Amino acid sequence: MTPNLGDLIRAAGDAAAPTNALPASAAASLLRAARRRHLLHQAAAGTAAVCVAALIGVVAVHPWTTAPSSLYPATSTKAPTGTNSASPTATASPTSKATQSANHPLGRNPAMTDAEALQRVTEPQTGEHWFGTAREISVPQAMVAAGNDFGSWYELGIHGNSTIVGWDSSQEIDVLFERAPDGSYTQIDYPSPRQSASTATNGAEDHGLPHDPTTFYDTFAVPVELSLPSGDPVEAHVVGSYGLVPYVRTDQQSIQRSSAGTFAGFEIVRDDQTREFLWGNAYGINLPAGVTIQDWVYMLRTPWGTEVALDYNPLGPVGDIRWDAQSGVSTPALGTGDFVDLNDSVGGSWSPDYNSVVRGLSDSDWMAAGSSQGGRTVYIPTKDNPLLAVMYRTYAEHRDPASIADNGGAPLSQEEFRLGPGLIAYRTPSSGSWVVWLNKALEGARQWN
């Protein structure tokens, strides 16, 4: 049945209450820094938020104990590890075939809407069947012979008589292959129906194996903009990168994972972790007494066994915020550049989308100052907000040379910093949590990667 977006039920809450400590999974410390979008990423044209917290009345709220159900499970889900079996490791169940809809979209469509993407992932017609977990195998002999004997290899599912294999060359699966029953490998150049095989932006990598530019999997359509149960949007970008394989983290006991619902074999989860204040470590400037920062990181669990970092984007582009005249925020504001979490955590080659939730302040420490394009209220700190003075010190006393200053090169005043705005905040609709972002143009010099 074609999914009707009007039938997708929106449940209450930003996410379920935190469950047990995160077990041996999560790639929350990884994702290409170049993919940071924070509040500035424009939603794809023609898309609408797809509510995935509840699909056809089903909401999943549970500890992270098992992989998500396969979209269409295979009869067997067992596979040997560390082997190079030449035959598929599972056989598709005769009852697992999706029902063809009269209006199901066919072929590739780089301009597809999120509604079309949801239809494709809900009732895929391209014959893929996923294992639910990524099963590590030894480096295939075909790749050794081709000189590509590095990285990690995983069996992800089956397609016809072939096994779908993913190559993790740099901490995420970014190249897919199919292994035929005779053990031969073919590279799948453009696995997503969002990719154009004829006018591809980036040409397919060459790994010395035969290429297949035709095959794609409907499941890889994945809507760009998804919706949390609260209605807040998150964004997924599953084109050219197919997720991180969960791994054991040394700090996993300090992470609480909760589920925000499932759809078509996918699950949105949120990882919560109390973080140290990095500015305090660098400069001895501490948070106000009783104030703590908790990071929220949203991830999308896929039916092929990986996790994709999601961008939490409730306010949209900061440049599109409509500032109230009485707020005193200038128009255009200084804050039309990049806004980051309070620790400006992203560094190096990989990082998820961190979001700083500030605990220990009162609602009266924030004042409404404008509204986003989507109608959400945007806040800035009041003059007496204790966090304002702390964050201003990090800027004024240790200003980054690239940060904004007055004409004479001196730091802006604290009031100019406040109205810059140096900080903006958003109150989540269900839990009333305060998510706070720092204007990167008004920050101190970072001493960490």
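Of all residues in segment 346-371, those being of a type in the set (Gly, Ala, Ser) and modelled with pLDDT of 95 or more number 8. Hey, could you check segment 150-177 for residues that are under 20 Å from the mean Cα position of the chain (by Cα) and among the charged types (D, E, K, R) and say which is surrounded by the fewest Cβ atoms within 10 Å (Cβ to Cβ)? The qualifying residue surrounded by the fewest Cβ atoms within 10 Å (Cβ to Cβ) is ASP174.
TRP437 passes every criterion in (1) surrounded by fewer than 18 Cβ atoms within 10 Å (Cβ to Cβ); (2) within 28 Å of VAL297 (Cβ to Cβ); (3) not hydroxyl-bearing (Ser, Thr, Tyr) apart from (1). Within segment 392-440, track down each residue that is basic (Lys, Arg) and under 26 Å from ARG322 (Cα atoms). Residues satisfying the conditions are ARG418, ARG427, LYS440.
Of the strands (runs of 3 or more DSSP E) lying entirely inside segment 354-408, those carrying at least 2 residues that are among the β-branched types (Val, Ile, Thr) are 355-359, 377-381.
Sub-8 Å Cβ pairs linking a first residue in segment 372-401 that is among the charged types (D, E, K, R) to a second residue that is modelled with pLDDT under 95 and assigned to a strand (DSSP E or B), at least 6 apart or interchain, are GLU397/GLY444; ARG399/GLY444; ASP400/GLY444, ordered by first then second residue.
For segment 178-186, indicate whether the set of residues that are under 22 Å from ALA309 (Cβ atoms) and surrounded by fewer than 16 Cβ atoms within 10 Å (Cβ to Cβ) is non-empty. Even if it seems obvious, please write down each step before you answer.
Here is the first cut: in segment 178-186, the residues under 22 Å from ALA309 (Cβ atoms) are none.
Checked against the condition, which is being under 22 Å from ALA309 (Cβ atoms) and surrounded by fewer than 16 Cβ atoms within 10 Å (Cβ to Cβ), segment 178-186 yields no hits at all.
Can PRO411 be described as in contact with a Phe, Trp or Tyr (Cβ under 7 Å, 6 or more places away or on another chain), modelled with pLDDT of 90 or more, of a type outside the set (Ser, Thr, Tyr) and assigned to a loop (DSSP other than H, G, I, E, B)? The answer is yes for PRO411. Answer with yes or no whether ARG135 is under 23 Å from THR262 (Cβ atoms), of a type in the set (Lys, Arg) and buried (at least 18 other Cβ atoms within 10 Å of the Cβ). When the stated conditions are applied, ARG135 passes them. Listed by first and then second residue, the pairs with beta-carbon distance under 8 Å, at least 6 apart or on different chains, first residue in segment 301-327 and touching a residue at least 60 places away in the same chain (Cβ under 8 Å) and among the aliphatic types (A, V, I, L, M), second surrounded by fewer than 24 Cβ atoms within 10 Å (Cβ to Cβ) and assigned to a helix (DSSP H, G or I), are ALA309/ARG35; VAL318/THR336. Before we move on, is GLN326 more than 25 Å from THR377 (Cβ to Cβ), modelled with pLDDT under 95 and not in a loop (DSSP other than H, G, I, E, B)? Judged against the criteria, GLN326 is not a match. Could you go through segment 284-294 and let me know if any residue there is within 12 Å of TYR354 (Cβ to Cβ) and touching a strand residue (DSSP E or B) at 6+ places or on another chain (Cβ under 9 Å). Yes, there is a match, as at least one residue in segment 284-294 is within 12 Å of TYR354 (Cβ to Cβ) and touching a strand residue (DSSP E or B) at 6+ places or on another chain (Cβ under 9 Å). Within the group GLY243, GLY280, which residue is farther than 30 Å from ASP174 by Cα, out of contact with any Leu (no Cβ under 6 Å at 6 or more places or on another chain) and of a type in the set (Gly, Ala, Ser)? Selected residue: GLY280, the only one of GLY243, GLY280 that is farther than 30 Å from ASP174 by Cα, out of contact with any Leu (no Cβ under 6 Å at 6 or more places or on another chain) and of a type in the set (Gly, Ala, Ser).
Conditions tested, residue by residue: (1) at pLDDT below 90; (2) outside any loop (DSSP other than H, G, I, E, B); (3) of a type outside the set (Asp, Glu).
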position: SER101; (1), (2), (3): yes, no, yes
position: ALA111; (1), (2), (3): no, no, yes
position: PHE131; (1), (2), (3): no, yes, yes
position: ARG135; (1), (2), (3): no, yes, yes
position: GLY166; (1), (2), (3): no, yes, yes
position: SER170; (1), (2), (3): yes, no, yes
position: ASP174; (1), (2), (3): yes, yes, no
position: SER192; (1), (2), (3): no, no, yes
position: ASN202; (1), (2), (3): yes, no, yes
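From the residues in segment 360-376 that are exposed (fewer than 15 other Cβ atoms within 10 Å of the Cβ) and on the phi < 0 side of the Ramachandran plot, which one is nearest to the chain's Cα centre (by Cα)? Only one residue fits best here, namely GLN373. Listed conditions (1) out of contact with any Phe, Trp or Tyr (no Cβ under 6 Å at 6 or more places or on another chain); (2) among the hydrophobic types (A, V, I, L, M, F, W, C); (3) assigned to a loop (DSSP other than H, G, I, E, B) are all met by LEU287, apart from (1).
Are any of the residues in segment 181-190 part of a loop (DSSP other than H, G, I, E, B), closer than 24 Å to MET299 by Cα and without any contact (Cβ under 8 Å) to a residue 40 or more places away in the chain? No: zero hits. For beta carbons closer than 8 Å, sequence separation of 6+ or different chains, a first residue in segment 256-281 that is free of Cβ contacts under 8 Å to residues at least 40 places away in the same chain and a second that is assigned to a strand (DSSP E or B), the qualifying pairs are THR274/THR292; THR274/ILE293; THR274/GLN294; THR274/ASP295.
The values are calculated or read from the model by the stated rules, or taken from the named source; none is laboratory data. Quick caveat: nothing in here was measured; it's all calculated off a predicted structure. Ideal geometry is used to build each Cβ from the backbone, glycine not excepted, and the neighbour counts take in all protein chains shown.
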